[in-house]
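The values are calculated or read from the model by the stated rules, or taken from the named source; none is laboratory data. On a predicted model such as this, the values are computed, not experimentally measured, just so you know. With ideal geometry, Cβ positions are generated from the backbone for all residues, glycine too; neighbour counts draw on all protein chains shown. Ligands, DNA and RNA are stripped out before the accessible areas are found, and what is left, the full protein with its side chains, is counted by its heavy atoms. Shrake-Rupley method; radii C 1.70, N 1.55, O 1.52, S 1.80 Å.
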Amino acid sequence: MFLQLYDKNHNKIAGLAVAKAATVESVLSTGDGTLSFLYPIEGVARLVNEAYIRTKTDEYTIKEVQPDSSNLWCSVKATLNVEDLEGICWPRFESVEQTIDDCLKLAIAGTGWIIGSCTVTKRRTIRKTECSGWDIIQQARKTYRCEIWFDTIDKKIHIAEKRGQDKGMYFTDTLNLRKLTIQSTSYDFCTRIKAE
């Protein structure tokens, strides 16, 4: 995977060609995502929290750098860079009978983000207090019943009724199994996984 490191001021530092096991996880329901990879411990000094990593399609903010048990590699975790959307604070937000693009244009005003493609034309009302631009976007996604995804390099929010097409397969968010671990106590009930 193509990875480039940028400092906290968005100045390019270097490519991360020796990174291994790079994976991107996307949350379909919110549009959020994470990037994780392993990097040799001798070169990890440049990987600091709140620096940025770019792939070919997105920009991520480094949130965690931890050495693994072998002390040869560090595990690096980064989240999708939506900090401008999370940083804007609304003491009171109200959008009455507006389309979602007009609603979100108001919610993200002054952040540098814009609305990209939008195919949703319904009109709805959203009212929230003490919230961020990110909270308003997530509420709009639920209220308008649409899907939202983020272009973090060009700072665009894309909106559609439904993304993709039916190819006879589907993804479901009812099972969020990330890893298996063995419990060493008998106080909790066992978990039963039922394939559907």
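Couple of notes before you dig in:
- Only residues that are over 30 Å from His158 (Cα atoms) and open to solvent by 10 Å² or more (accessible area, probe 1.4 Å) were counted across region 63-82, and they come to 10.
- The set of residues from region 40-62 being open to solvent by less than 20 Å² (accessible area, probe 1.4 Å) and either in a loop (DSSP other than H, G, I, E, B) or touching an Asp or Glu at 6+ places or on another chain (Cβ under 8 Å) (or both) comprises Leu47, Ala51, Tyr52, Ile53, Thr55, Thr61, Ile62.
- Scanning region 1-28 for residues that are charged (D, E, K, R) and either within 30 Å of Arg141 (Cβ to Cβ) or surrounded by 13 or more Cβ atoms within 10 Å (Cβ to Cβ) (or both) yields a total of 3.
- Filtered residue count, region 100-131, keeping only those that are touching a residue at least 24 places away in the same chain (Cβ under 8 Å), under 16 Å from Ala160 (Cβ atoms) and not in a strand (DSSP E or B): 6
- When region 87-101 is filtered for residues that are acidic (Asp, Glu) and more than 15 Å from Arg141 (Cβ to Cβ), the ones remaining, listed by number, are Glu94, Glu97.
- First in region 23-51 and touching a residue at least 60 places away in the same chain (Cβ under 8 Å), second anywhere and part of a loop (DSSP other than H, G, I, E, B), Cβ under 6 Å, 6 or more apart: Ser29/Asp173
- Checked against (1) of a type in the set (D, E, K, R); (2) modelled with pLDDT of 90 or more; (3) out of contact with any Leu (no Cβ under 8 Å at 6 or more places or on another chain); (4) open to solvent by less than 100 Å² (accessible area, probe 1.4 Å), Asp188 passes all but a single condition, namely (2).
- Close pairs (6 angstrom Cβ cut-off, 6 or more residues apart or separate chains): over 25 Å from Gly31 (Cβ atoms) in region 53-71, among the polar types (S, T, N, Q) anywhere: Gln66/Ser75; Asp68/Ser75
- For region 55-107, residues that are within 21 Å of Gly43 (Cβ to Cβ) and hydroxyl-bearing (Ser, Thr, Tyr) total 6.
- Condition broken by Gly31, with the remaining ones in (1) open to solvent by less than 70 Å² (accessible area, probe 1.4 Å); (2) among the small types (Gly, Ala, Ser); (3) more than 30 Å from Lys128 (Cβ to Cβ) satisfied: (3)
- Residue check for Ser36: farther than 28 Å from Ile157 by Cβ, assigned to a strand (DSSP E or B) and among the polar types (S, T, N, Q): no
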